[in-house]
Every structure is written in C-alpha cells, then in structure tokens.
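Undergrad: Let me give you the structure first, and then I'll get to my questions.
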Amino acid sequence: MSSELQNIKNRFGIIGNFPALNRALEKSIQVAPTDISVLVIGESGVGKEFIPKIIHSESKRKHQPYIVVNCGAIPEGTIDSELFGHEKGAFTGATATRKGYFEVADGGTIFLDEVGELPLQTQVRLLRVLESGEFMKVGSSQVQKTNVRIVAATNVNMMKAIHDGRFREDLFYRLNTVQIDMPALRERKGDIHLLFRKFAIDFAEKYRMPELELDSSAVHYIESYAFPGNVRQLRNLVEQMTVVERERNVTVAKLAEYIPMDAHLPMVVNHTQNHQKQSDFGNEREIMYKILFDMRNDLNDLKSLTSELIKNRGTADLSNQEKNLINRIYTPETQQTANANSLLYFENNNNNNQNIQNVQNPTIISNSDDSYEDFEDIEVEENTPESLSLQNNEKDLIIKALEKHNGRRNRAADELGISQRTLYRKIKQYNLEE
Ligand SMILES: Nc1ncnc2c1ncn2[C@@H]1O[C@H](COP(=O)(O)OP(=O)(O)OP(=O)(O)O)[C@@H](O)[C@H]1O
Ligand SMILES: [Mg+2]
C-alpha cells in the first residue's frame with residue numbers, strides 16, 4: 001500500500017484493506033488536484049462521506065470553504081434559494097437578499113449528498129452552474145459567476161432514477177465525470193473484524209468501559225452477516241453492546257441476540273465492478289431462488305448429520321418427543337399432512353432397535369429390524385423431487401414472513417430482503433390481501 005494511502009487512512013480514521021476500498025481511496029487522491037466532478041456511489045452506511053473530504057483536503061481548494069448539502073433533507077420549496085440564494089422580496093418571507101451555497105463556496109468544494117433527491121427544477125440550475133459556472137439568485141435576472149468543485153454522492157440507483165424521469169441524464173453524466181464506487185461491507189468480510197475492533201476501542205474509551213472482544217466463533221458468525229446497513233450498522237451494534245453488555249467476551253449466542261441467525265441471508269455478490277449493476281436489486285427472483293436453494297442444502301446437510309448421529313448413537317435414549325420430531329423431519333411434507341402425523345411412529349421392539357415405520361406405506365420405509373437400513377431408506381425417500389416452483393416457494397415465504405410479523409408489511413419486507421413496494425405487489429399478485 002502506498003504511504004500516501006496509509007496516510008489518508010490514518011488521518012481520516014478509515015479502517016479496511018479490501019482492494020476495492022483501497023481503489024476508491026486511491027482514485028480520490030488522484031482526482032483531488034483537478035476540478036473534475038466526482039460521483040460517489042454506494043449503499044447506505046459504506047463511508048461515502050470520506051471521499052469528498054479527502055478530495056477537498058488534497059486539492060488546492062483546501063483553504064477555501066467546504067460545504068455539505070444534504071439534498072434529501074432540504075424541502076423542495078426552499079432548496080433553490082439555499083443553493084443559489086434569493087433576492088429580497090423573491091417570495092413571502094424573503095425579507096433580505098441572501099447568498100446561497102454556490103456563492104459562499106466560491107473557490108471551494110460543495111458536497112451534494114443524496115444528489116438523487118434533487119428536484120427536477122433544481123437539477124436544471126445545477127447543470128447550468130456545472131457547465132458554465134453561471135447561476136442566478138431566485139427572483140433575480142442577474143447572472144453571477146462562481147468557481148465551485150462538486151462532489152456528489154448517492155445510494156439510489158441512478159439509472160433507474162433516470163429511467164423513471166426523476167433525474168436528468170445530462171446532469172448525471174456531468175456529475176459522473178469520475179465515478180467512485182464504495183464497496184458494501186458484506187463484500188469485504190475481512191474488514192468486518194478490523195472495524196469491530198476499532199469501534200470496540202473507540203466506544204470503550206468513550207464510555208470508560210473495558211473493550212468488547214469477539215471469540216473465534218463469534219468472528220465467523222459476524223463475518224457471515226449481510227450487514228444491510230453496512231459500517232454504520234456495525235458501528236451502532238458495537239456501541240450498543242459496549243454500553244448494554246456486562247460480559248466483555250462476545251459469544252455467538254450473545255451476538256445472535258443482536259443480529260439473529262435468520263437475518264444471515266445467503267449473500268448474492270455480484271462481482272461486476274459496475275455499481276449501477278450491483279445496486280440493481282431488480283433481480284429479486286434470482287435472490288429468492290438462491291436463498292431457497294441454500295436453505296434446502298443446509299437442511300439436507302442437517303438431516304444427514306442427524307441421521308449419522310443416530311446411526312452411531314442408536315435411538316434407545318431418545319425421548320418420544322425427539323422420535324416424533326425425527327419422524328416429522330424425515331417424512332415428506334405431502335405425506336405428513338395426508339397422514340396427519342398419526343400413521344408414522346417409532347416402534348420400540350424388544351432388541352431395543354427403533355424402526356421408523358410407515359404402516360400405510362411399507363415400501364417406503366422397510367420394516368426390517370435393522371434401524372440403520374431404515375435410515376438409508378428414509379434418505380432415499382427424502383431425496384425425491386420436491387416442488388422447485390419458485391412461485392410456490394416465494395408465496396409460502398411471503399405468507400410465513402407476514403405471519404411471523406403479525407401482518408406488519410414493513411418488517412416482513414425487511415426479513416424477506418425485498419422492498420415494501422415489491423412486497424405489496426406480490427401480496428396483490430398472490431391474492432394475500434386479507
Ligand atoms: N472504512 C471505515 N472505517 C471507519 N469508519 C467507517 C468506515 N466506513 C464507514 N465508517 C463510519 O460509518 C458511518 C457511516 O458512514 P457514512 O456516513 O460515510 O455513510 P454513507 O455512505 O454516507 O451512508 P448514507 O448513504 O446513508 O449517507 C460513519 O460513522 C463513518 O465514520
Ligand atoms: Mg451519507
């Protein structure tokens with residue numbers, strides 16, 4: 001790693017060694033001395049705000065103003081006036097002439113955060129100032145000049161926003177002269193523990209507590225979590241645990257209280273470098289499909305493991321409840337409902353071997369005295385094709401998620417890893433409205 005890069009990381013407290021993160025930081029250092037507009041793209045909480053700060057501090061503008069504008073937080077009615085200023089009397093309440101950020105930041109840098117949220121009429125003004133350095137105060141017809149370098153950031157899919165008519169294509173290409181992609185935390189697993197340790201130290205100091213430490217299985221667990229809220233979520237997690245937990249050694253069980261196992265969704269990592277493609281979550285079907293396959297594989301692994309254990313250990317010391325459970329697990333679902341559980345049972349015979357029997361369908365599970373063979377048979381049966389219809393499985397998952405969250409659609413959508421809008425659409429599609 002170049003000393004310049006290490007130096008930047010130290011100055012800004014940036015943790016991580018993942019190549020894509022290093023590339024993003026190096027690109028910022030490279031473009032800093034120019035006046036080129038930069039668009040930073042990345043999911044929420046990935047650290048996009050470091051980039052404009054690095055660019056400003058490494059540019060010849062560093063002694064001039066640096067202004068951060070959160071485009072999503074300013075009401076549509078006042079944003080033009082905030083950015084470009086207004087004349088006295090331009091609108092009700094405009095009791096005096098006011099300078100806008102583009103005038104104040106002359107010679108410096110403006111960071112337009114959440115640029116995808118800019119109203120269309122402001123986008124027109126912004127395009128003009130980017131192309132010619134010219135702007136007019138609201139209510140004025142006098143053209144003014146300014147020299148401002150723009151760095152913008154977004155966590156929305158700009159291609160979609162353009163397609164939907166919410167963002168001007170010409171402005172996008174003007175802002176996007178250089179694009180810097182910040183990788184999601186789940187794409188840089190190796191950085192998760194490093195960040196955990198850094199935050200553990202920071203919060204231990206802040207709250208005057210000993211540092212939290214992950215035990216080795218907890219490291220593995222946290223690294224397999226998808227972190228939808230990225231570094232911000234990890235930071236909040238460590239802060240919360242530092243304050244709330246008494247035990248400083250963090251185990252998997254403790255972590256699971258904060259990031260439950262069912263939130264460890266299999267991750268679909270798109271290896272393309274193009275973030276526009278990466279952030280295109282339109283491919284939900286593919287994601288659901290992957291989730292279903294992974295769950296099925298996990299389940300099959302678990303079944304083989306249990307079967308292996310029972311083979312080695314025998315079933316003599318299993319309770320009735322455990323036997324029932326095994327019967328249920330090793331019986332195809334279709335059959336379970338048809339048989340209403342009553343036709344499958346363990347029979348304790350004299351030599352203490354327990355045979356799993358299906359009295360209605362003796363061809364599936366042999367009635368031999370050798371319980372091991374029975375398990376072989378069961379596995380064969382278990383492997384018969386089950387419904388792989390994506391639609392059926394998708395519908396079931398949606399029903400389960402809605403039930404689990406008592407019909408609360410926002411939580412169900414979160415759990416399913418899809419947007420609320422998509423969930424509404426699917427509820428309609430599958431007639432699940434009531
Ligand atoms: N690599 C990192 N090292 C240390 N801290 C980090 C790193 N990346 C992000 N953070 C911290 O995570 C938090 C979120 O980062 P930031 O505010 O830059 O996110 P963002 O990408 O701008 O998200 P949003 O789109 O929601 O605004 C901040 O507290 C930031 O300091
Ligand atoms: Mg931000």
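Undergrad: So G107 clears everything in (1) more than 11 Å from ligand 1 (Cβ to nearest atom); (2) on the phi < 0 side of the Ramachandran plot except one condition, right? Which one?
TA: Answer for G107: the failing condition is (2).
Undergrad: Right, something else. Looking at the stretch 103-113, is at least one residue touching a helix residue (DSSP H, G or I) at 6+ places or on another chain (Cβ under 8 Å), away from ligand 2 (no atom under 16 Å from the Cβ), part of a helix (DSSP H, G or I) and at pLDDT 95 or above?
TA: Checked against the condition, which is being touching a helix residue (DSSP H, G or I) at 6+ places or on another chain (Cβ under 8 Å), away from ligand 2 (no atom under 16 Å from the Cβ), part of a helix (DSSP H, G or I) and at pLDDT 95 or above, the stretch 103-113 yields at least one hit.
Undergrad: Here's another thing I want to ask about it. Going through S28, S44 one at a time, which residue ends up being under 29 Å from F227 (Cβ atoms), hydroxyl-bearing (S, T, Y), part of a loop (DSSP other than H, G, I, E, B) and within 16 Å of ligand 1 (Cβ to nearest atom)?
TA: S44
Undergrad: Could we say that S57 is surrounded by fewer than 19 Cβ atoms within 10 Å (Cβ to Cβ) and at pLDDT below 95 here?
TA: no
Undergrad: Oh, and also: Run L126 past the list (1) crowded, with 21+ Cβ neighbours inside 10 Å; (2) among the aliphatic types (A, V, I, L, M); (3) within 16 Å of ligand 1 (Cβ to nearest atom) and report the number of the one that doesn't hold.
TA: (3)
Undergrad: Right, another one. Does A184 meet the test of being in contact (Cβ under 8 Å) with a residue 60 or more places away in the chain, of a type in the set (G, A, S) and in contact with a strand residue (DSSP E or B) (Cβ under 6 Å, 6 or more places away or on another chain)?
TA: No: the conditions fail for A184.
Undergrad: So, one more: With the condition kept exactly as written, say whether any residue in the stretch 196-209 is more than 16 Å from ligand 2 (Cβ to nearest atom) and either in the same structural domain as H86 (by TED's automatic domain parsing) or outside any helix (DSSP H, G or I) (or both).
TA: Checked the stretch 196-209: at least one residue is more than 16 Å from ligand 2 (Cβ to nearest atom) and either in the same structural domain as H86 (by TED's automatic domain parsing) or outside any helix (DSSP H, G or I) (or both).
Undergrad: So, one more: If D35 satisfies all but one of (1) free of Cβ contacts under 8 Å to residues at least 60 places away in the same chain; (2) within 30 Å of L5 (Cα to Cα); (3) in a loop (DSSP other than H, G, I, E, B), what's the number of the condition it fails?
TA: Checking D35 against (1) free of Cβ contacts under 8 Å to residues at least 60 places away in the same chain; (2) within 30 Å of L5 (Cα to Cα); (3) in a loop (DSSP other than H, G, I, E, B), the one that fails is (1).
Undergrad: Only residues that are under 24 Å from Q144 (Cβ atoms) and away from ligand 2 (no atom under 16 Å from the Cβ): list them for the stretch 43-59, please.
TA: S59
Undergrad: Right, another one. Might you let me know whether the stretch 135-146 holds any residue that is within 16 Å of ligand 1 (Cβ to nearest atom) and either outside the structural domain of P33 (by TED's automatic domain parsing) or modelled with pLDDT of 95 or more (or both)?
TA: Within the stretch 135-146 (the criterion being within 16 Å of ligand 1 (Cβ to nearest atom) and either outside the structural domain of P33 (by TED's automatic domain parsing) or modelled with pLDDT of 95 or more (or both)), the answer is no, since none of the residues qualifies.
Undergrad: Mind checking which residues of the stretch 210-233 are among the hydrophobic types (A, V, I, L, M, F, W, C), under 16 Å from E247 (Cα atoms) and in a loop (DSSP other than H, G, I, E, B)?
TA: L212
Undergrad: From the residues in the stretch 60-93 that are more than 16 Å from ligand 2 (Cβ to nearest atom) and of a type in the set (V, I, T), which one is surrounded by the fewest Cβ atoms within 10 Å (Cβ to Cβ)?
TA: T92
Undergrad: Further question on the same structure: Please work out which one of (1) more than 16 Å from ligand 2 (Cβ to nearest atom); (2) of a type outside the set (S, T, Y); (3) surrounded by fewer than 18 Cβ atoms within 10 Å (Cβ to Cβ) is the condition F12 fails and give its number.
TA: The single condition F12 does not satisfy is (1).
Undergrad: Follow-up. Would you check which residues across the stretch 234-252 are surrounded by fewer than 16 Cβ atoms within 10 Å (Cβ to Cβ) and within 16 Å of ligand 2 (Cβ to nearest atom) and list them?
TA: Hit for the stretch 234-252 is N236, nothing else.
Undergrad: I need the full set of residues from the stretch 145-156 which are within 16 Å of ligand 2 (Cβ to nearest atom) and either farther than 11 Å from L112 by Cβ or surrounded by fewer than 20 Cβ atoms within 10 Å (Cβ to Cβ) (or both), in order please.
TA: Of everything in the stretch 145-156, those that are within 16 Å of ligand 2 (Cβ to nearest atom) and either farther than 11 Å from L112 by Cβ or surrounded by fewer than 20 Cβ atoms within 10 Å (Cβ to Cβ) (or both) turn out to be N155, V156.
Undergrad: Okay, moving on. Would it be correct to say that P183 is part of a loop (DSSP other than H, G, I, E, B) and surrounded by fewer than 15 Cβ atoms within 10 Å (Cβ to Cβ)?
TA: In short, no.
Undergrad: Return the total of residues in the stretch 14-25 being within 12 Å of ligand 1 (Cβ to nearest atom), without any contact (Cβ under 8 Å) to a residue 60 or more places away in the chain and either in a loop (DSSP other than H, G, I, E, B) or not polar (S, T, N, Q) (or both).
TA: Qualifying residue count for the region: 2.
The values are calculated or read from the model by the stated rules, or taken from the named source; none is laboratory data. Please read these numbers as outputs of a predicted model, since none were measured by experiment. Here the Cβ is made from the backbone with ideal geometry for all residues, glycine too, and neighbour counts use every protein chain on show.
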